[in-house]
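Where a number appears in this text, it was derived from the coordinates with a stated rule and is not lab data. Note that the coordinates shown come from a computational prediction; the quantities given were computed from them, not determined experimentally. All Cβ positions, glycine included, derive from the backbone under ideal geometry; neighbour counts span all protein chains shown.
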Amino acid sequence: MRSILFVVVCTALPLLAACSGAANKPEDAATDVSADTTADGPADSRTTCVPGESWPCGCMQPGCEGVQTCGDEGSEMAPCVCECDGYFGELPDAEGESVAPSWDDGVLVAMTFNVMCSMCSNDEGGNEDWEHRVPHIGDVIARYSPDLVGLQELMFGTEVEQVLEVAPGYQALFPKDLTPNVFGLTEEPDAVILFRADRFSVQESGFFWLSETPDTDWSGGWATSNLPRVVLWAKLKQTTDGRELYFASTHFDNNYPNQEMSAPLVLDRLGPWAEGYPLVLVGDFNSKPDSVAYSTLTQGVDGKGFHFLNAFDLAETWSAVANLEPPPSYDPDHRIDHIFMAGTPTWGCAWWKVDQFVYGEKDQYPSDHFAMAASLVW
């Protein structure tokens with residue numbers, strides 16, 4: 001059965017339960033919830049306890065178990081922590097009152113980031129090795145606190161788990177259960193979706209390949225030599241008001257004519273959703289603004305029909321965020337990664353930013369691509 005891998009990792013915030021073996025149990029998750037009742041009645045009314053001692057408490061999320069833990073002083077107790085299978089997020093409190101969200105329902109911060117494949121790294125070149133780059137990737141994500149993230153060029157599911165460990169509060173989707181390819185691989189995280197699990201729930205998800213046979217696993221594109229490329233999508237529901245949207249992540253192959261042929265296929269497959277829902281598409285398109293593929297995506301096939309808007313073009317302001325002095329130059333005319341929008345409602349963009357932070361003793365970038373983030377008004 002074809003499916004999307006649904007990965008979640010526990011956060012390390014002090015009030016959340018510790019995740020034992022999180023890297024080996026990606027399906028486990030925990031969320032902090034205030035509660036004053038246990039499954040069997042009122043919570044233990046003890047006023048003193050042994051530091052570190054824990055006992056069951058009430059968790060209002062079905063399928064979850066609550067645990068309350070004694071504080072360091074033997075009397076201070078942390079809130080009830082819900083340990084859930086496949087869930088991470090804020091829930092109603094013990095009285096059934098909704099917990100105030102930490103976001104503006106009408107604003108989405110979207111990010112796209114080609115993290116550069118783990119085997120592409122080398123200490124002699126312009127980047128650190130993968131193990132050193134992973135924390136930097138987490139730092140880049142944290143700097144913008146995006147609600148939705150499209151990652152490209154991850155190679156294995158274990159690498160997705162590594163990213164989640166440094167980006168707490170997100171869940172991940174990527175294609176899995178594929179027909180084994182020539183290397184025996186059955187998952188393809190070249191296109192990954194991260195979403196804030198306290199803000200969104202997954203309604204549907206799927207993927208298709210950028211090829212003449214888009215529903216055939218591992219089918220390659222139109223060039224003589226190319227890598228199989230995929231578009232991953234998810235229909236998400238906002239937890240506060242039930243609004244739904246589609247979000248997609250992709251990575252166009254860089255060999256001609258794959259970009260030009262992939263663009264019409266994407267419009268054909270995603271366009272119908274824009275008739276009734278907001279739609280955000282992010283990725284590494286290997287296509288500059290003056291390219292044929294970019295023109296197709298933003299103007300339609302032959303300049304007609306369904307097309308996308310680019311967040312950069314709508315942004316009230318844009319900036320390059322850097323930690324070097326003087327800051328490196330940046331020319332947006334050379335960007336090949338994009339954040340596109342379509343569908344209802346009328347989109348706006350408060351800001352668009354490109355991240356140029358460097359890390360380590362050698363002041364190296366975490367990838368050969370810059371992460372881009374945009375604050376979208378929907």
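Going by how many other beta carbons lie within 10 Å of each one, how would you line up 329, 287, 54, 262, fewest first?
Details: 329 8, 287 25, 54 15, 262 28.
Placing the least packed residue first, the sequence is 329, 54, 287, 262.
In a shell of Cβ-Cβ distance under 11 Å around residue 359, excluding residue 359 itself, what net charge do Lys and Arg (+1) and Asp and Glu (-1) give?
Values: positive: 133, 362; negative: 128, 139, 361, 363.
Every neighbour counted, the sum reads -2.
Quick one: 218, 352, fewest Cβ neighbours within 10 Å first, how do they rank?
On the way: 218 17, 352 22.
Starting with the residue having the fewest Cβ neighbours, the order is 218, 352.
Rounded to the nearest 0.05, what FRET efficiency do residue 132 and residue 329 have when you use their Cβ-Cβ distance and R0 = 22 Å? Walk me through the numbers on the way to the answer.
On the way: r = 26 Å, r/R0 = 1.17.
That pair, residue 132 with residue 329, gives E of 0.30.
What is the fewest-to-most order of 313, 333 by other Cβ atoms lying within 10 Å of their Cβ?
Details: 313 11, 333 7.
Arranged by neighbour count, lowest to highest, 313, 333 become 333, 313.
All other residues with a Cβ under 12 Å from the Cβ of residue 334 taken together, and with Lys, Arg as +1 and Asp, Glu as -1, what is their net charge? Don't skip to the end; give the middle numbers.
Details: positive: 288, 335; negative: 290, 331, 333, 337.
Result for the local shell: -2.
Mind giving me the nanometre distance, one decimal, between the label points for residue 107 and residue 156, set 7 Å out from Cα along Cα→Cβ?
4.0
With only Lys, Arg, Asp and Glu charged, each at its Cβ (+1 for the first two, -1 for the last two), find how big the charge dipole of the range 114-271 is about the Cα centre; round to the nearest 20 debye. All intermediate terms of the calculation are to be shown ahead of the outcome.
Numbers: 10 positive and 25 negative charges, 125 e Å.
For this selection, approximately 600 debye.
Provide the net charge surrounding residue 244, with neighbours chosen by a C-beta distance below 12 Å and charges set as Lys +1, Arg +1, Asp -1, Glu -1. Show your work: numbers first, answer last.
On the way: positive: 235, 237, 243; negative: 204, 241.
With Lys, Arg at +1 and Asp, Glu at -1, the net is +1.
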